[in-house]
Amino acid sequence: MARAGLTTETLVRAGAELADEIGFEHATPTELARRFGVRTASLYSHVRNAHDLKTGIALLALEELADRVSEAVAGRAGKDALSAFADAYRDYALQHPGRFAAAQFRLDPEAAAASAGPRHAQLSRAVLRGYDLPEPQQTHAVRLLGSVFSGFVGLEGAGGFSHSAPDAQESWTAILDALDALLRTWPARS
């Protein structure tokens, strides 16, 4: 065990908590060192640099989010699966805004391949099985869902819906209804 109980896992988890408190972009080794009451150099035997720390937080966030979505969609199909998937995504973003931002962090190809990122795509495709979309339409639909969910929760988290009616929940429900209708009638392309 290292000084002050520092391990890579401890630092990544503390970095994730810090990201939720003050923003992912501010979760740095320097800020973590302040929190642990150590010099920044003390962290570098556990995380090489700020990029390494951010990668660790991103990997943690992707894993947590995939676990939540997987649990939410288990045993569901069609609109129920779509809504469960979307709600798990939105709830995670609202509860963990810094981690949600971390999940969008660009990973190097090796880290991306080893991350829970591919699981997110598999979960999206599992939801889409209820809509019977062929390839490549399924890939387009996965990208649409990711774009809509990320866009909505990003705007909501930034306060973009807090100053107008109707309530964001009402819009969320309407968007999920519209996505369900779109997926059921997705135009076939050759």
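The values are calculated or read from the model by the stated rules, or taken from the named source; none is laboratory data. Owing to the predicted nature of the structure, the values given are computational and were not obtained by experimental measurement. Methodologically, a virtual Cβ is constructed for each residue, glycine included, from the backbone with ideal geometry; neighbour enumeration extends over all protein chains shown. To get the accessible areas, we keep the full protein, side chains included, count just its heavy atoms, and leave off ligands, DNA and RNA. Shrake-Rupley method; radii C 1.70, N 1.55, O 1.52, S 1.80 Å.
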*Among the residues of region 86-119, how many are crowded, with 16+ Cβ neighbours inside 10 Å and either touching a Cys at 6+ places or on another chain (Cβ under 6 Å) or polar (S, T, N, Q) (or both)?*
1
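Helices (runs of 4 or more DSSP H) wholly in region 20-126 with at least 2 residues that are farther than 18 Å from L176 by Cβ - which ones? Write out each step before concluding.
On the way: elements: 29-36, 50-73, 78-95, 97-103, 109-114.
Filter on region 20-126 gives 29-36, 50-73, 97-103, 109-114.
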*Does region 29-47 contain any residue that is open to solvent by 40 Å² or more (accessible area, probe 1.4 Å), modelled with pLDDT of 95 or more and either under 21 Å from S150 (Cβ atoms) or not acidic (D, E) (or both)?*
no
*asked:* For region 128-144, give me each residue that is surrounded by 18 or more Cβ atoms within 10 Å (Cβ to Cβ) and either among the hydroxyl-bearing types (S, T, Y) or in contact with a Phe, Trp or Tyr (Cβ under 8 Å, 6 or more places away or on another chain) (or both).
replied: Y131, L133, A141
*asked:* For region 149-167, give me each residue that is of a type outside the set (V, I, T), assigned to a helix (DSSP H, G or I) and either closer than 16 Å to A103 by Cβ or over 22 Å from the mean Cα position of the chain (by Cα) (or both).
replied: F149, S150, G151, F152, G154, E156, G157
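Please go through region 127-148 and pick out each residue that is among the charged types (D, E, K, R) and not in a helix (DSSP H, G or I).
Scanning region 127-148 gives D132, E135.
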*Inspect region 61-71 for any residue being without any contact (Cβ under 8 Å) to a residue 40 or more places away in the chain, more than 14 Å from the chain's Cα centre (by Cα) and open to solvent by 30 Å² or more (accessible area, probe 1.4 Å) and give the result as yes or no.*
yes
